[in-house]
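Engineer: Following this message is one structure expressed as C-alpha cells.
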Amino acid sequence: MTRTEITALGVWELSQALRAGELTALEAAESYLAAIEERDGTIGAYLTVTKEQALAAAEETDRLRRAGEALPLLAGIPGALKDNLCTEGVRTTCASRMLERYIPPYSAHVVEKLMQSRAVLLGKLNMDEFAMGSSTENSAFHPTRNPVDPVRAPGGSSGGSAAAVAAGEAAFALGSDTGGSIRQPAAFCGVVGMKPTYGAVSRYGLVAFASSLDQIGPITRTVRDNALLLSQIAGHDERDSTSLSGFDTGYAEDLERGARGLRLALPEEYFSEGISPAVSAAVREAARRFQELGAELVSCRLPLLRHALPAYYILSSAEASANLARFDGVKYGFRAQGCTDLESLYLRSRSEGFGPEVRRRILLGSFVLSAGYYDAYYRKAQQARTLLIREFGRLLADCDAILAPVAPTTAYRLGEKTADPLEMYLGDIYTAPVNLAGLPALSMPCGRAPDGLPVGMQLIGPAFGERMLYRLGHAYETAYPATAGQSL
C-alpha cells in the first residue's frame, strides 16, 4: 500500500487494515508525517508537529500487536489536536503570543482517552486565537488555507483541524465548538464535524473561551468515523463539574437503521434573507433526498432564532472576559518586559500578548458585565437564551431532528471579511443557536456550489440525540456518497 493510498483511508478503513496486517502503525504514521511535510507548507494546518512522539507511539503499538495483545479500535490511527487542548510536555499555544511558550504539566481528558486508545498523535493544529474567530486568520502565527481552494479560508476557529483532515494530513482531528467552530470549518472544507451535547464530553484541559458554551468534538472524513471517535472521547469525568453521566455512548450502533420514519423539521428562519442561493438550493435538495430515503419533512417556524446571535456574542464575550482575566503576566504566559509597577505589567502584558480580536471581545464582555449595563445586556441575553431553549424543545418534541444550513455562504476568500468584524460574526447565525441551547449538531457535506466549493448541512437533535443524528447522516452519506463528500 502506497503512502498516498494510506492517507486516503478513513479511521474505520485504517483500523481494519491495521488489524488485518495489511500495514503497520509505523507505516501509517510515516505516511501522514510525509504528507504533513509535503503539503503543510501551503495549507498551514499545524503549529507543532510531534514527529518523534508519533513514531515512538506507532512502534509501541506494532510491538503490542505482534505480541498478540488485543488493542482498541483507534490503536495506531494518526490524528491531531486543536491547539487549545492541553498536552503534557507539548506546547499548547491557543494560537496566541500569550501562550506561545506554554508547556502544560497535564493533558486534557480527551487527550488521555485518545492515549488510552493508543491513537497516534501527530501534533497540534492552528486555530483562531483563543478560539475567537471564524476563519483561522486570527492566529498569532499564520493563517490556515482551505485545501479545497487555497485562496479561501478553511473556517474557524477549528480551521486547522478541518484543513488537516481534508488535506490528508490527519485521519481525524479534535476541535472545540463554542458558536460553530467545529461545524463551520467542517462545512467549508467538505468534511464531517460533530458538536456534541453540552456535558457529553469533558472540558477538563480545554483552555476556556466561554465555559457554558464550549464543547469538544471530532472532525473526520465520514459519519461512521465521527461516531467511532465520539464514542472514544465521550463520557463522565469528575474533574469537570459540567460533565454528565448516565447516557449511552454507543454512537455507531444505529448507523444502518436508515432514515425511514424519522421526522425532519425545516424552520423557515434558516432559509431567510442573507443565505446564498447556492447554499439554500443544496440544503433543500438534501431535504428532498431525505424524503427519498423515507424521512418526513415538516415545515415550521423558529421565530426566536433572530435573537440568538446577539445573545451569543454578549454571553460568550462576557464569559471570555472572566476566563481570560487569569492571563495577567504574573504566574505564566506572556509577560511584558521593563514594567515598573503592577498596573503597567497588567496593561502591557495583556495589550501585547492578546491579538485585536481577543482584545475586542474582552472589552465587549467587560462592558456588558459592568455596573449599569448588566441588566440591559447580560441579563436580557440570558433571558433570550432561556426562551430559545424552550423553543428548540417545543420543535424537537414534535420532530426527530432539524435540518438546516451550517453557514449562509460557502468558504470566502482569505482577507475578504477581516476588515468588518460584524460581517464575520454574521457567519455564526445558523450555528450559535445550537450552543446556546446545549444541543448536539452534526455538520456534513451535502453538495457543491456552482464554483465547486463544498456546501454543508447540519442535523440538530435533542440533548443526547447524537446516535440518531449519526443514523441520519450515515443514511444520507451511504445513499449519496458524491454529494456527501466521499469524492473529495
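Engineer: Here's a check for you: in the range 305-334, which residue that is without any contact (Cβ under 8 Å) to a residue 24 or more places away in the chain and among the charged types (D, E, K, R) is surrounded by the fewest Cβ atoms within 10 Å (Cβ to Cβ)? Give the derivation first.
Structural biologist: Within the range 305-334, the subset without any contact (Cβ under 8 Å) to a residue 24 or more places away in the chain is 325-326, 328, 330-331.
Filter once more, so that each one left must be among the charged types (D, E, K, R): 326, 328, 331.
Working: R326: 11, D328: 16, K331: 8.
Of everything passing the filter in the range 305-334, K331 is surrounded by the fewest Cβ atoms within 10 Å (Cβ to Cβ).
Engineer: Applying the selection to the range 429-446, what residues are open to solvent by 10 Å² or more (accessible area, probe 1.4 Å) and either touching a residue at least 60 places away in the same chain (Cβ under 8 Å) or among the basic types (K, R) (or both)?
Structural biologist: Kept after step one, since they are open to solvent by 10 Å² or more (accessible area, probe 1.4 Å), are these residues of the range 429-446: 429, 437-439.
Correct list: I429, G438, L439.
Engineer: Quick one: in the range 323-373, which of the residues that are small (G, A, S) and assigned to a loop (DSSP other than H, G, I, E, B) is nearest to E137 (Cα to Cα)?
Structural biologist: Residues of the range 323-373 that are small (G, A, S), as a first pass: 325, 329, 333, 336, 338, 344, 349, 351, 353, 355, 365-366, 370-372.
Remaining after also requiring assigned to a loop (DSSP other than H, G, I, E, B): 329, 333, 336, 338, 355, 370-372.
On the way: G329: 25, G333: 22, A336: 24, G338: 30, G355: 11, S370: 30, A371: 34, G372: 35 Å.
Step by step, filter the range 323-373, then rank; the result is G355.
Engineer: When M1 is evaluated against the numbered criteria (1) open to solvent by 80 Å² or more (accessible area, probe 1.4 Å); (2) outside any helix (DSSP H, G or I); (3) out of contact with any Leu (no Cβ under 6 Å at 6 or more places or on another chain), which criterion, by number, is the only one it fails?
Structural biologist: (3)
Engineer: Of the residues that sit in the range 62-119 and are farther than 22 Å from G10 by Cβ and among the acidic types (D, E), which one is least open to solvent (accessible area, probe 1.4 Å)?
Structural biologist: That would be D83.
Engineer: Considering only residues that are farther than 14 Å from P303 by Cβ, over 24 Å from the mean Cα position of the chain (by Cα) and not aliphatic (A, V, I, L, M), which ones fall in the range 260-279?
Structural biologist: Correct list: R260, G261, R263, E273, P277.
Engineer: Evaluate the range 292-304: report whether one residue or more is at pLDDT 95 or above, in contact with a helix residue (DSSP H, G or I) (Cβ under 7 Å, 6 or more places away or on another chain) and buried (at least 23 other Cβ atoms within 10 Å of the Cβ).
Structural biologist: no
Engineer: So, one more: Here's a check for you: in the range 395-417, which residue that is touching a helix residue (DSSP H, G or I) at 6+ places or on another chain (Cβ under 7 Å) and in a loop (DSSP other than H, G, I, E, B) is nearest to G155 (Cα to Cα)? Steps first, please.
Structural biologist: Initially, the range 395-417 is screened for residues touching a helix residue (DSSP H, G or I) at 6+ places or on another chain (Cβ under 7 Å), giving 400-411, 417.
Going one step further and asking which of them are in a loop (DSSP other than H, G, I, E, B), we end up with 400, 406-411, 417.
On the way: D400: 28, V406: 11, A407: 10, P408: 13, T409: 11, T410: 10, A411: 7, K417: 12 Å.
Ranking the candidates gives A411 first.
Engineer: Of the residues A163, A140, A170, only one is aliphatic (A, V, I, L, M), within 27 Å of D420 (Cα to Cα) and in a loop (DSSP other than H, G, I, E, B); which?
Structural biologist: Working: A163 fails: in a loop (DSSP other than H, G, I, E, B); A170 fails: within 27 Å of D420 (Cα to Cα).
From the options A163, A140, A170, the qualifying one is A140.
Engineer: Could you please find all residues in the range 12-60 being at positive phi and either surrounded by 19 or more Cβ atoms within 10 Å (Cβ to Cβ) or touching a Phe, Trp or Tyr at 6+ places or on another chain (Cβ under 9 Å) (or both)?
Structural biologist: The first filter runs over the range 12-60 and keeps only residues at positive phi, leaving 21, 44.
Hit for the range 12-60 is G44, nothing else.
Engineer: Need pairs with beta-carbon distance below 9 Å; first residue within 12 Å of A437 (Cβ to Cβ) and within the range 389-402, second surrounded by fewer than 16 Cβ atoms within 10 Å (Cβ to Cβ) and not β-branched (V, I, T); sequence gap 6+ or separate chains.
Structural biologist: E391/P303; L395/C300; L395/R301; I402/C300
Engineer: Also, I was wondering about something else. Would you be able to tell me the number of residues in the range 258-285 that are of a type outside the set (A, V, I, L, M, F, W, C), farther than 21 Å from A187 by Cβ and crowded, with 16+ Cβ neighbours inside 10 Å?
Structural biologist: Step one: of the range 258-285, the residues of a type outside the set (A, V, I, L, M, F, W, C) are 258, 260-261, 263, 267-270, 272-274, 276-277, 280, 284-285.
If we keep only those that are farther than 21 Å from A187 by Cβ too, we end up with 258, 260-261, 263.
Going one step further and asking which of them are crowded, with 16+ Cβ neighbours inside 10 Å, we end up with 258.
Final tally of qualifying residues: 1.
Engineer: Tell me, which residue of the range 162-205 that is of a type in the set (S, T, Y) and within 18 Å of L114 (Cβ to Cβ) is surrounded by the fewest Cβ atoms within 10 Å (Cβ to Cβ)? Even if it seems obvious, please write down each step before you answer.
Structural biologist: We begin by selecting, within the range 162-205, every residue of a type in the set (S, T, Y); these are 176, 178, 181, 197-198, 202, 204.
If we keep only those that are within 18 Å of L114 (Cβ to Cβ) as well, we get 176, 202, 204.
Values: S176: 27, S202: 25, Y204: 21.
Looking at the filtered set, the residue picked out is Y204.
Engineer: Another question about this same structure. Across the range 206-228, which residue is farthest from F247 (Cα to Cα) among those that are open to solvent by less than 10 Å² (accessible area, probe 1.4 Å) and either in a loop (DSSP other than H, G, I, E, B) or hydroxyl-bearing (S, T, Y) (or both)?
Structural biologist: Within the range 206-228, the first condition is being open to solvent by less than 10 Å² (accessible area, probe 1.4 Å), and the residues that meet it are 209-210, 213-220, 223, 225-227.
The next check asks that each one be either in a loop (DSSP other than H, G, I, E, B) or hydroxyl-bearing (S, T, Y) (or both); those that pass are 209-210, 213-215, 220.
On the way: F209: 26, A210: 24, L213: 20, D214: 19, Q215: 16, T220: 23 Å.
So the residue we want is F209.
Engineer: Quick one: is A463 assigned to a loop (DSSP other than H, G, I, E, B), in contact with a Gly (Cβ under 7 Å, 6 or more places away or on another chain) and at pLDDT 95 or above? If you could, list the steps in order and put the result at the bottom.
Structural biologist: On the way: assigned to a loop (DSSP other than H, G, I, E, B): yes; in contact with a Gly (Cβ under 7 Å, 6 or more places away or on another chain): yes; at pLDDT 95 or above: yes.
Yes.
The values are calculated or read from the model by the stated rules, or taken from the named source; none is laboratory data. This structure is a prediction, so every number in the text was calculated from the model and none was measured. A quick note on method: Cβ atoms are made from the backbone with ideal geometry, for glycine too, and the neighbour counts reach across all protein chains shown. The area values use the complete protein model at the heavy-atom level, side chains included, leaving out ligands, DNA and RNA. Shrake-Rupley method; radii C 1.70, N 1.55, O 1.52, S 1.80 Å.
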